Structures are given as structure tokens and as C-alpha cells.
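Engineer: Please find one structure pasted underneath; my questions will follow.
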There are 2 protein chains.
Amino acid sequence: MLSVVILGTGNVAENLIHALYHSKQAHLLQIVGRKQHALNKYTGKAKITSNFENIEDADIYIIAVSDSAIQMVAEKLLGKQGLVVHTSGATSMHSISSVNKGVFYPLQTFTKERILDFTNIPICVEASNNQGLELLHKLGTSISSQVHEISSEQREKLHLAAVFANNFSNHLFHISEMVCAKEGLSFELLKPLILETVQKLESLSPYKAQTGPARRKDIPSMEKHLELLPDEEHKKLYTLLSEAIMKTYEKEL
Amino acid sequence: MLSVVILGTGNVAENLIHALYHSKQAHLLQIVGRKQHALNKYTGKAKITSNFENIEDADIYIIAVSDSAIQMVAEKLLGKQGLVVHTSGATSMHSISSVNKGVFYPLQTFTKERILDFTNIPICVEASNNQGLELLHKLGTSISSQVHEISSEQREKLHLAAVFANNFSNHLFHISEMVCAKEGLSFELLKPLILETVQKLESLSPYKAQTGPARRKDIPSMEKHLELLPDEEHKKLYTLLSEAIMKTYEKEL
């Protein structure tokens with residue numbers, strides 16, 4: 001049984017704690033965090049401490065804190081024998097000073113108080129040696145059916161791809177909601193459309209799934225839309241995204 | 001029982017035919033289209049004809065053809081007593097010349113050979129008179145639990161909002177897939193993230209759900225991402241979308 005210490009109490013930590021607590025192959029030994037009130041809810045699930053000098057000995061230490069705090073927290077673990085990993089998509093493995101180090105990056109967006117099922121969440125692992133890699137495979141498969149060995153270079157590209165897929169698309173949903181709100185229309189009207197946009201990707205690539213005025217090079221519709229948008233920034237985004245779509249398909253039109 | 005004639009055999013028509021055929025309150029009388037081979041698959045479900053001079057008498061005629069063909073098809077129905085509607089988000093009701101006219105706009109993205117359940121699809125209706133509106137409510141509730149009276153002005157804004165929510169976000173998914181492909185990474189890795197991006201909207205507005213480097217005003221991460229993007233157009237999109245996000249939250253940072 002793998003013994004695990006989790007450092008952090010944010011959204012990623014909260015989700016990992018939940019998944020590992022229910023895993024039969026891992027033993028959640030201790031949760032370490034600065035905030036006592038955030039730790040208290042785990043009483044009975046694992047040992048808890050807000051004292052970073054009191055960290056238990058474990059097989060794996062998972063640092064699930066904000067990117068800028070990883071290095072500092074990792075230094076608290078320098079005397080430990082176990083494997084030290086972080087969970088960040090954008091941070092190099094080498095921000096951890098320990099010899100036995102790695103990355104355990106669950107490719108997902110985690111939200112406060114939203115506990116997700118890890119079974120289908122891809123876990124991207126990387127380690128400084130084969131033994132560490134083996135440990136991370138064991139830990140990964142104890143909570144997910146998808147464990148992938150991903151290098152630092154690949155991971156930073158994945159993180160960039162995730163910014164387009166998640167952060168930027170979410171902002172488009174926000175703009176969409178604003179357009180509705182100005183007309184007194186509920187954003188609820190658009191939710192079935194948004195859901196289908198994503199469900200469609202199960203059977204169709206985004207390249208093939210593309211529809212709309214820009215895909216058809218329907219200039220009058222695009223001009224009409226630009227007239228309807230009051231915000232200069234939204235006009236710019238509309239124009240740039242429409243041009244990008246037209247360019248993507250120009251050979252076909 | 002409402003008798004309905006559908007004109008068109010494209011994706012919207014295909015989905016409406018399926019929904020109305022299974023509706024207990026509507027009678028799918030006839031399907032009219034130019035292409036005999038597209039009509040043939042409906043043999044036994046309704047009368048079919050490719051002759052626009054042979055249209056049956058019905059309570060409602062639904063024109064489900066491309067925007068540019070609506071007016072022309074509507075003219076074939078000038079002698080009819082029934083209500084003539086189109087299904088377009090971007091076309092004025094007045095492109096139909098009949099006195100009894102309206103719009104029956106299912107707010108959804110329809111794909112070839114992908115038959116959707118209409119129960120949760122919002123149907124936006126508009127008519128030139130109350131009697132027509134009543135008919136469209138009856139027809140709408142025969143296939144969906146969501147029928148909304150939406151004016152032409154609201155409908156064009158909804159269509160614009162749908163372009164951001166569906167067309168543009170889909171293009172971001174395409175860029176995301178391209179970033180992965182260049183690194184030899186499967187787009188499958190991002191699908192759980194994309195699905196959760198959307199499922200999260202059930203409990204959180206997009207405004208509140210926003211995460212990522214731009215949301216945190218994490219300049220080093222954004223600079224790093226711009227270096228990683230080889231395509232000039234993608235760099236421009238990354239910059240503009242990040243600026244838009246930072247501007248949206250600047251009061252909070």
C-alpha cells in the first residue's frame with residue numbers, strides 16, 4: 001500500500017484527497033496545510049497538521065499548492081526519502097530540489113466544492129528516475145484509468161492547449177452570456193447548444209464540426225453581427241476569430 | 001392533431017422530421033425537397049415529393065432550408081392557407097411573403113446523421129398574429145419542454161450569442177487539437193477537461209468559473225505560452241483573449 005502525504009488544501013488538493021481517501025491501493029497518511037480551518041474538515045480521514053516541520057515519512061509527497069509556492073514547499077521536504085511530486089501543468093519538475101522527484105498532473109479544471117470522479121481524468125506523470133515513474137503509475141492507476149507518461153516539454157504544450165480549450169472557451173461563454181443579458185435573455189437558452197457543441201466531439205473532430213457564418217464565408221451575416229456588437233473588444237474578437245476560421249477552411253471554399 | 005409539411009432535407013429538417021414523426025400531437029403529412037435520393041429514406045414515414053407544385057394542404061409549413069433559399073421556397077407557398085414558418089436564427093420573419101407567417105427556431109447545432117432528443121432544445125417562436133403564435137406553441141410543446149416567444153430582434157442577438165458559444169469555442173477546440181498534434185499528443189487527453197468546462201456551467205456562471213493565467217494576471221505564464229505558439233494568428237488570438245479576460249476582472253485584481 002502506497003502511503004501518501006498531501007501538501008495543500010486548494011481545489012486540486014481537495015479533489016486528490018477525496019480520490020485517494022477512497023482508493024484501495026493508497027493510504028492517505030497526512031494532510032499538511034497552512035490554514036487550520038481548511039484542514040479541520042479532514043479530521044478523521046487522515047492526520048492533519050499546519051506545521052511544516054511535522055511532516056510524516058511517506059512513499060509519496062504530493063505538493064498541490066499554487067505554482068508560485070511549489071518551490072518553497074518542496075524545500076520543506078529536502079530531508080525526506082520518499083518521492084516528491086507537484087501537480088502543476090505549467091511548472092518544471094526541476095522546481096523541486098529533492099533527488100527523487102516527479103510530476104503528477106491531473107489534466108482537469110478543479111473548482112471549489114466540486115468533487116470530480118477521477119476515473120476518466122488523464123493523469124500525466126513524469127519522474128527523475130524509473131523507480132519514481134513506477135510509483136507514480138501505481139498511484140495514478142489507483143484512482144484513474146488513464147495514466148500517461150508525459151515529458152516536461154509535452155506537459156507545457158498540453159497546458160497551453162488546455163488554456164485554449166478551457167480558459168478561452170469559458171470566456172467566450174461569458175461574452176455569450178453578456179450578449180444575452182443585454183437583450184434580457186436568459187443564458188439558460190444557450191446551455192443545450194453548449195453541451196451539444198462538446199458532446200459532438202465524441203464522434204467528430206472540431207475541424208469537421210465547425211459551422212456558422214465564418215465557416216460558410218457568409219459575409220453579410222458577419223457584417224450584421226459586427227453591427228449588433230456594441231463593445232469594441234468583442235468586435236475585435238469576432239473579427240479575429242472569424243478570420244481564423246475562414247483561413248482554416250479557405251482551401252475548401 | 002396538427003398537420004405539418006416540412007420543406008428541406010438538411011440537418012435541421014432531418015432532426016425535425018424525426019422529432020415530429022414521433023410526436024403524438026403532430027401529424028407529419030409530407031416532406032418536400034429538391035433531392036429525390038434524400039427524400040427516399042422517408043418513404044413510409046410521410047408523403048414525399050420533389051415537385052414544389054405538389055405541396056399538400058396543411059396547418060403548418062416548416063421551411064428548413066439554407067438561409068439564402070428561404071425566400072424562394074416561401075414563394076411556392078403563397079397560395080396556401082396554413083401558417084408558413086422558417087427555422088433560421090439569422091433570418092427575418094419578413095423574408096416570408098405569406099400573411100400567416102412565423103419563425104420556429106430550434107436553438108441547437110445540428111449535424112448530419114446525428115439525431116438529437118428535442119425534449120431539452122429551446123424552441124424560439126414568433127408569428128405575425130396570435131393565432132399563429134398559438135399554433136407554434138402547440139407544435140413546439142409537442143416535441144420540446146422549452147418553447148419561448150422570442151422577437152426578431154432578440155433572435156438575432158441570440159444567434160450572435162450562439163456564434164460565440166458554439167462556432168468560436170469550437171474553433172478554439174480546433175486550435176487546441178493542433179497544439180496537441182504538433183507535440184504528438186492525442187486530443188483525447190483534453191476531452192474530459194472540455195466536458196467539465198461545460199458541465200461546471202450548471203452550477204457556476206462563466207464569469208465565476210473563469211480560471212487560468214489571464215484570470216490570475218500571471219504575466220510570466222502568458223509570455224511563456226506566447227513563445228510556445230509558432231503560429232502568428234494563434235499568438236494574436238492568445239493575446240486578445242487574455243487581454244479581454246484581464247479587462248473583465250481588472251477591478252478584482
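Engineer: Could you grab the relative contact order for segment B:155-248? Cα pairs under 8 Å, six or more apart, rounded to a whole percent.
Structural biologist: Across segment B:155-248, relative contact order equals 20 percent.
Engineer: Shape of segment B:2-150 from its Cα gyration tensor (a ≥ b ≥ c, root eigenvalues): rounded if a/c is under 1.5, otherwise prolate when a/b > b/c, or oblate?
Structural biologist: Rounded, because the longest to shortest axis ratio a/c is under 1.5.
Engineer: Dividing the Cα radius of gyration by the Kirkwood radius, what Rg/Rh value follows for chain B? Intermediate results must be reported in sequence, preceding the final value.
Structural biologist: Working: Rg = 22.4 Å, Rh = 20.8 Å.
Computed over Cα atoms, the ratio is 1.08.
Engineer: Now a separate question. Just to be sure I understand: if I project the alpha-carbon convex hull of segment B:132-234 onto a plane and average over all orientations, what area do I get in nm²?
Structural biologist: Mean projected area for segment B:132-234: 9.9 nm², to one decimal.
Engineer: Moving to a separate point now. Which lysines have a Cα lying under 20 Å from the Cα of B:LYS101, excluding residues fewer than 8 positions away in the same chain?
Structural biologist: Partners found: B:LYS76, B:LYS80, B:LYS138.
Engineer: For segment B:30-43, just list the computed ³J(HN,Hα) in residue order, Karplus coefficients 6.51, -1.76 and 1.60, θ = phi - 60°, integers in Hz, with x standing in for Gly and Pro.
Structural biologist: With the stated coefficients, segment B:30-43 comes to 7, 10, 10, x, 6, 9, 4, 5, 6, 6, 4, 5, 9, 3 Hz.
Engineer: Can you give the average number of partner chain beta-carbon atoms within 10 Å of each beta-carbon in peptide A:119-128, as a whole number?
Structural biologist: The mean count of partner-chain Cβ atoms within 10 Å per residue comes to 2.
Engineer: R0 = 45 Å: FRET efficiency of B:THR49 with A:GLU227, Cβ-based, nearest 0.05?
Structural biologist: On the way: r = 40 Å, r/R0 = 0.88.
Calculated value: 0.70.
Engineer: Okay, next question. GNM on chain A, C-alpha springs below 10 Å: top fluctuator among A:SER176, A:SER242, A:SER66?
Structural biologist: Comparing A:SER176, A:SER242, A:SER66 in the GNM, the peak value goes to A:SER242.
Engineer: Further, regarding this structure: Show me the ranking of peptides A:167-175, A:99-107 by mean Cβ neighbours inside 10 Å, starting with the highest.
Structural biologist: Going by the mean number of other Cβ atoms within 10 Å, highest first, we get A:167-175, A:99-107.
Engineer: May I ask which of A:LYS247/B:LYS224; B:LYS217/B:LYS251; A:LYS157/A:LYS235 have a Cα-Cα span longer than 22 Å here? Kindly include the intermediate steps, with their values, before the conclusion.
Structural biologist: Details: A:LYS247/B:LYS224 26 Å; B:LYS217/B:LYS251 12 Å; A:LYS157/A:LYS235 29 Å.
In this structure, A:LYS247/B:LYS224; A:LYS157/A:LYS235 lie more than 22 Å apart at Cα.
Engineer: Starting from the coordinates of the alpha-carbon atoms of the protein assembly as shown, obtain the Kirkwood hydrodynamic radius over all distinct pairs and give the value in Å to one decimal.
Structural biologist: Evaluated over the protein assembly as shown, this radius sits at 25.1 Å.
Engineer: Using only the alpha-carbon atoms, how far is helix A:169-182 inclined from the longest principal axis of chain A? Give it as 0 to 90 degrees, nearest 10.
Structural biologist: 50
Engineer: Per DSSP H run of n ≥ 4, the term is -39500 (n - 2.57); total these for chain A, divide by its residue number, and report the mean residue ellipticity at 222 nm rounded to 500 deg cm²/dmol.
Structural biologist: Roughly -12000 deg cm²/dmol at 222 nm, from the helical runs in chain A.
Engineer: What whole number of Å gives the distance from the Cα centroid of segment A:163-232 to the Cα centroid of segment B:198-253?
Structural biologist: Going from one Cα centre to the other spans 17 Å.
Engineer: Below 8 Å between Cα atoms, with a sequence gap of 6+, how large is the relative contact order for segment A:1-144 in percent?
Structural biologist: Values: 291 pairs, mean separation 31.7, N = 144.
Computed value for segment A:1-144: 22 percent relative contact order.
Engineer: Sticking with this one: How large is ³J(HN,Hα), in whole Hz, for each residue of segment A:98-113 in order, when computed from phi with the Karplus curve 6.51 cos²θ - 1.76 cosθ + 1.60 and θ = phi - 60°, using x for Gly and Pro?
Structural biologist: Once θ is set to phi - 60°, the couplings for segment A:98-113 become 4, 6, 8, 9, x, 10, 9, 9, x, 7, 7, 9, 10, 10, 3, 6 Hz.
Engineer: Can you figure out the FRET efficiency of A:GLN199 with A:ASP57, using R₀ = 45 Å and their beta-carbon distance, to the nearest 0.05?
Structural biologist: 0.45
Engineer: Any chance you could list P(r) for segment B:113-183, counting all Cα-Cα pairs in 5 angstrom bins from zero, rounded to whole %?
Structural biologist: Binned Cα distances yield the sequence 4, 14, 14, 16, 18, 12, 8, 6, 4, 3, 1, 0.
Engineer: Pop out the ³J(HN,Hα) list for segment A:45-56 in order, Karplus 6.51 cos²θ - 1.76 cosθ + 1.60 with θ = phi - 60°, rounded to Hz; leave Gly and Pro as x.
Structural biologist: 8, 7, 5, 10, 8, 9, 9, 6, 8, 10, 7, 5
Engineer: A follow-up question, please. As an exercise, use a Förster radius of 51 Å and the Cβ-Cβ distance of A:HIS27 and B:LEU78 to find the FRET efficiency, rounded to the nearest 0.05.
Structural biologist: So, using R0 = 51 Å, E works out to roughly 0.10.
Engineer: Please rank B:LEU16, A:LEU133, A:LEU160, fewest neighbouring Cβ atoms within 10 Å first, as an exposure proxy.
Structural biologist: Fewest to most other Cβ atoms nearby, the residues stand as A:LEU133, B:LEU16, A:LEU160.
Engineer: Compute the angle between helix A:11-22 and the longest alpha-carbon principal axis of chain A, please, reported from 0 to 90 degrees and rounded to the nearest 10.
Structural biologist: Helix A:11-22 and the main axis of chain A meet at about 60 degrees.
Engineer: Tell me the angle of helix B:219-228 to the major Cα principal axis of chain B, expressed in degrees between 0 and 90 and rounded to the nearest ten.
Structural biologist: Taking Cα atoms only, the helix is inclined about 70 degrees.
The numbers here are math on the coordinates, done by the rules we state, and not lab data. Source: prediction; values computed, not measured. Methodologically, a virtual Cβ is constructed for each residue, glycine included, from the backbone with ideal geometry; neighbour enumeration extends over all protein chains shown.
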